[in-house]
Amino acid sequence: MPNVNKPRSYKQAAIYEDTPEQVRNRVARNKARRKLLKEGKVHKGDGLDVAHVKAFDKGGTNKNGVRVESASVNRSFKRDSKRNLISETSKRERSKK
């Protein structure tokens, strides 16, 4: 549970986001989105995300493929009635098994 008594320190997040690996990942994500913008598959403010078929943290790249998904599908995981995380495996990944 987050500590509500202390202000959030953004220093660690900034340090992490500036690591060479995360910079490369961000550049690749932006490049994938720009490509789909150019193709007309997504538009600014349309509520859609460009999702990678295989996530970067699991060894994925833009060459592995990207798809357009709603933001809620791309950013959420299965939760119980108390909103606790049940599984970090998405519906799409569970259906493949």
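The values are calculated or read from the model by the stated rules, or taken from the named source; none is laboratory data. Quick caveat, the model's predicted, so the values are computed rather than measured. Every residue, glycine among them, receives a Cβ derived from its backbone with ideal geometry; neighbour counts consider all protein chains shown.
A compact table of results
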| read-out | value |
| --- | --- |
| Residues located in the range 76-85, provided they are among the basic types (Lys, Arg) and exposed (fewer than 11 other Cβ atoms within 10 Å of the Cβ) | Lys82, Arg83 |
| Residues of the range 36-75 classified as modelled with pLDDT of 90 or more and of a type in the set (D, E, K, R), total | 8 |
| Pick from the range 1-60, criterion among the aliphatic types (A, V, I, L, M), out of contact with any helix residue (DSSP H, G or I) (no Cβ under 9 Å at 6 or more places or on another chain) and assigned to a loop (DSSP other than H, G, I, E, B), ranking: nearest to Asn84 (Cα to Cα) | Met1 |
